[in-house]
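Read through the structure below, which is laid out as structure tokens, and then see the notes.
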Amino acid sequence: MDPRNRRYLFGFCLLLFLLLLLNVLNLAIGSVRLSPGGLLAALGGMGSMETGARILLQLRLPRMISAGLLGGALAVSGFLLQTFFANPIAGPFVLGISSGAKLIVALSMIFALSRGVLLGSLAMILAAFFGSLIAMGLILLISTRVKQMSLLVVCGVMIGYICNAVTELVVTFADDANIVNLHNWSMGSFSGIGWSSVRVIAVVTFLAVLLSFLLSKPMGAYQMGEGYAQSMGVDLKRFRLALILLSSILSACVTAFAGPISFVGIAVPHLMKSLFRTAKPILMVPACFLGGAVFCLFCDLLARTLFAPTEVSISSVTAVFGAPVVIWMLLQRKGRRG
């Protein structure tokens, strides 16, 4: 077998093993610990009203599935943005896209709750998608005036700060108890996601990731330069629009259900490129999805159990593990240039 193919096979096998291991740990570990036998018994008796089966079915299983799907969606969104901007530190959190989505979702929820209306899953995703497009539109507008990627990233960070500040002000001065609880969501969390939301997450994520995978060939050509992509028959306008829409949908889905989650969209694509030693989209899209699922399941396990019964926000944990990866990546790039 070719050494490169062997590496690719090893990489995917490793990710699948870690995914399976973390799924089992997330189901078994918590305030009520389930032994392997108890876990199998609970899985076999999901229809019963036993405590183990109820905890597994109503709390841990939907949370585990949503953490895996949303983590994968966030990593693929980051890879699409890095391809679009041709820069490894581009990501939905850094560029302020997640913060824009958070702001519009928070405003929509406050507006609806003040009138006694609860927003459904579709309305949440649409609000987050609208916020993502607004933030992305501002970034693209700035990019026409600012050519240096470092300055564009700084502008994205500033947009994120502005959106976060407005969101915090709105949530802080809200009177309704349900609105005040938005503070926990605004910090990022996979808790409280039910089966109805999981179904919506699964459909949206599957379709967006599938479409991203189908764009692998034009993405590979685009990575070689705009001139090369045009010579290969890539319609740059439509291709860029597709990348923007898909990355916005994926990040919007994450923000709508789990709030803004930091560093996953930047760190995971870099880790996958280092593991597979390639940036080919046909490999990176599925690798980023699996890597993002593994990363978020690991971080969510720590967020739930590290200081139990107190639960830490998921963004705090992803930042602890994701930020060093970004620093290492920047130092590597500087070393290569030197």
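Are there any pairs, at least 6 apart or on different chains, whose C-beta atoms fall under 7 Å, with the first in segment 245-261 and hydrophobic (A, V, I, L, M, F, W, C) and the second surrounded by fewer than 24 Cβ atoms within 10 Å (Cβ to Cβ) and outside any helix (DSSP H, G or I), and if so, which?
Phe257/Ile193; Ala258/Ser189
Among the candidates Ala229, Ala242, Ala323, Ala252, single out the residue that is more than 23 Å from Leu15 (Cα to Cα) and either out of contact with any helix residue (DSSP H, G or I) (no Cβ under 7 Å at 6 or more places or on another chain) or assigned to a loop (DSSP other than H, G, I, E, B) (or both). Talk me through it step by step, then tell me what you get.
Numbers: Ala229 fails: either out of contact with any helix residue (DSSP H, G or I) (no Cβ under 7 Å at 6 or more places or on another chain) or assigned to a loop (DSSP other than H, G, I, E, B) (or both); Ala323 fails: more than 23 Å from Leu15 (Cα to Cα); Ala252 fails: either out of contact with any helix residue (DSSP H, G or I) (no Cβ under 7 Å at 6 or more places or on another chain) or assigned to a loop (DSSP other than H, G, I, E, B) (or both).
Of the residues listed, the single one that is more than 23 Å from Leu15 (Cα to Cα) and either out of contact with any helix residue (DSSP H, G or I) (no Cβ under 7 Å at 6 or more places or on another chain) or assigned to a loop (DSSP other than H, G, I, E, B) (or both) is Ala242.
Restricting to segment 262-283, and then to whatever is in contact (Cβ under 8 Å) with a residue 40 or more places away in the chain and among the small types (Gly, Ala, Ser), can you tell me which residue is surrounded by the fewest Cβ atoms within 10 Å (Cβ to Cβ)?
This residue is Ala279.
Given (1) in contact (Cβ under 8 Å) with a residue 60 or more places away in the chain; (2) within 18 Å of Leu126 (Cβ to Cβ); (3) of a type in the set (Val, Ile, Thr), where does Val203 come up short, assuming only one miss?
Exception for Val203: condition (1).
Looking at Ala112, Ala123, Ala127, which one is assigned to a helix (DSSP H, G or I), modelled with pLDDT of 85 or more and either in contact with a Cys (Cβ under 7 Å, 6 or more places away or on another chain) or under 30 Å from Gly192 (Cβ atoms) (or both)? Break it down stepwise before answering.
Numbers: Ala112 fails: modelled with pLDDT of 85 or more; Ala123 fails: modelled with pLDDT of 85 or more.
That would be Ala127, the only listed residue that is assigned to a helix (DSSP H, G or I), modelled with pLDDT of 85 or more and either in contact with a Cys (Cβ under 7 Å, 6 or more places away or on another chain) or under 30 Å from Gly192 (Cβ atoms) (or both).
Quick one: Val312 ticks every box in (1) in a helix (DSSP H, G or I); (2) free of Cβ contacts under 8 Å to residues at least 12 places away in the same chain; (3) more than 19 Å from Ile89 (Cα to Cα); (4) among the aliphatic types (A, V, I, L, M) bar one, so which box is it?
With (1) in a helix (DSSP H, G or I); (2) free of Cβ contacts under 8 Å to residues at least 12 places away in the same chain; (3) more than 19 Å from Ile89 (Cα to Cα); (4) among the aliphatic types (A, V, I, L, M) applied to Val312, the lone miss is (1).
Would you check if Cys163 is over 30 Å from Arg199 (Cα atoms) and crowded, with 18+ Cβ neighbours inside 10 Å?
no
Within segment 37-60, does at least one residue satisfy the condition of being part of a helix (DSSP H, G or I), at pLDDT 80 or above and touching a Cys at 6+ places or on another chain (Cβ under 6 Å)?
No - not one qualifying residue is present in segment 37-60.
State yes or no: is Ser247 of a type in the set (S, T, N, Q), part of a helix (DSSP H, G or I) and within 27 Å of Pro62 (Cβ to Cβ)? Walk me through it before giving the result.
Details: of a type in the set (S, T, N, Q): yes; part of a helix (DSSP H, G or I): yes; within 27 Å of Pro62 (Cβ to Cβ): yes.
Here the answer is yes, as Ser247 does meet what is asked.
Of all residues in segment 75-92, which are surrounded by 24 or more Cβ atoms within 10 Å (Cβ to Cβ) and in a loop (DSSP other than H, G, I, E, B)?
Residues satisfying the conditions are Ala90, Gly91, Pro92.
Return a yes/no flag: does segment 279-286 have any residue that is in contact with a Pro (Cβ under 6 Å, 6 or more places away or on another chain) and under 30 Å from Leu59 (Cα atoms).
In the first step, residues of segment 279-286 are kept if they are in contact with a Pro (Cβ under 6 Å, 6 or more places away or on another chain); the result is none.
The answer is no, given that none of the residues of segment 279-286 is in contact with a Pro (Cβ under 6 Å, 6 or more places away or on another chain) and under 30 Å from Leu59 (Cα atoms).
Name every residue in segment 267-309 that is in a loop (DSSP other than H, G, I, E, B), among the charged types (D, E, K, R) and out of contact with any Ser or Thr (no Cβ under 8 Å at 6 or more places or on another chain), in order of residue number.
The one that is in a loop (DSSP other than H, G, I, E, B), among the charged types (D, E, K, R) and out of contact with any Ser or Thr (no Cβ under 8 Å at 6 or more places or on another chain): Arg277.
The values are calculated or read from the model by the stated rules, or taken from the named source; none is laboratory data. What you see is a predicted model, and the numbers here were worked out from it, not measured in a lab. Every residue, glycine as well, gets a Cβ built from its backbone with ideal geometry; the counts of neighbours run over all protein chains shown.
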